[in-house]
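The values are calculated or read from the model by the stated rules, or taken from the named source; none is laboratory data. Fair warning: this is a prediction, and the values are worked out from it, not measured in the lab. All Cβ positions, glycine included, derive from the backbone under ideal geometry; neighbour counts span all protein chains shown. In case anyone asks, the SASA skips ligands and DNA or RNA and just uses the protein heavy atoms, side chains included. Shrake-Rupley method; radii C 1.70, N 1.55, O 1.52, S 1.80 Å.
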Amino acid sequence: MIPSSLPQEKVFEQNQDQNPAENKEESAEKDASKPSKYAGTGFSVFGQGITKIHDVPMNIIRRPIPSELDEEKVNVFMKEVARGDEFTPIEVLRVRDPLDSSKSYYYSVGGCHRFEAHKRLEKETIRGKIIEVPAGVMRPYLVNPPF
């Protein structure tokens, strides 16, 4: 279920070859070599090799899997986000609409504590890596896929 504060039918429409950060009015590119103290030692198979970090608008990210949150961790993250600390970017899966390539849908299934901290602080963007995913890969994880 998508959290009610996120628009369920809103689609971030853009040029087919453009990521959110490529529009300088909406976001700015960040240096991926500056991880926060919460970067951890693991890595994602999906984000491996992706170094470009975007300021992704919060209102375009759909969260199809309900989060199980540790409130203490969210509160710590909120304080650190408010202080201006940088966190490891979340992974944002971009799925192009197979029937209309001018439309893209953005999903995030990890980074729930970072996402929730930004959401509660009413941040407009969150740092993220954009990962291209075919529609057929995402479809099984969605109750009512828009594509």
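Observations on the model:
- The phi-based Karplus calculation (6.51 cos²θ - 1.76 cosθ + 1.60; θ = phi - 60°) puts the 3J(HN,Hα) values of segment 60-71 at 9, 8, 9, 10, x, 10, x, 8, 9, 9, 9, 4 Hz, whole numbers, x for Gly and Pro.
- Rolling a 1.4 angstrom probe over segment 53-141 with all protein chains present gives an accessible area of which 50% lies on carbon and sulfur atoms.
- At full extension, Ala135 and Ser67 could sit 22.2 nm farther apart than now, given 0.36 nm per residue minus the alpha carbon distance.
- Sequence ranges 79-91, 124-136, ranked by mean other-Cβ count within 10 angstrom, highest first: 124-136, 79-91
- For segment 96-111, backbone phi angles converted through the Karplus equation (6.51, -1.76, 1.60; θ = phi - 60°) give residue-by-residue couplings of 7, 5, x, 9, 8, 5, 7, 10, 10, 10, 10, 10, 9, 10, x, x Hz, Gly and Pro being listed as x.
- Interchain or long-range residues, amide H under 5 Å from Ile131's placed H: Val92, Leu93, Arg94
- The P(r) of segment 53-141 has a tail past 23 Å containing 24 percent of all C-alpha pairs.
- Simple label model, 7 Å out from Cα along Cβ direction - Leu99 to Asp85, nm: 4.5
- Solvent-accessible surface of segment 53-141, averaged per residue with a 1.4 angstrom probe and all protein chains in place: 48 square angstrom.
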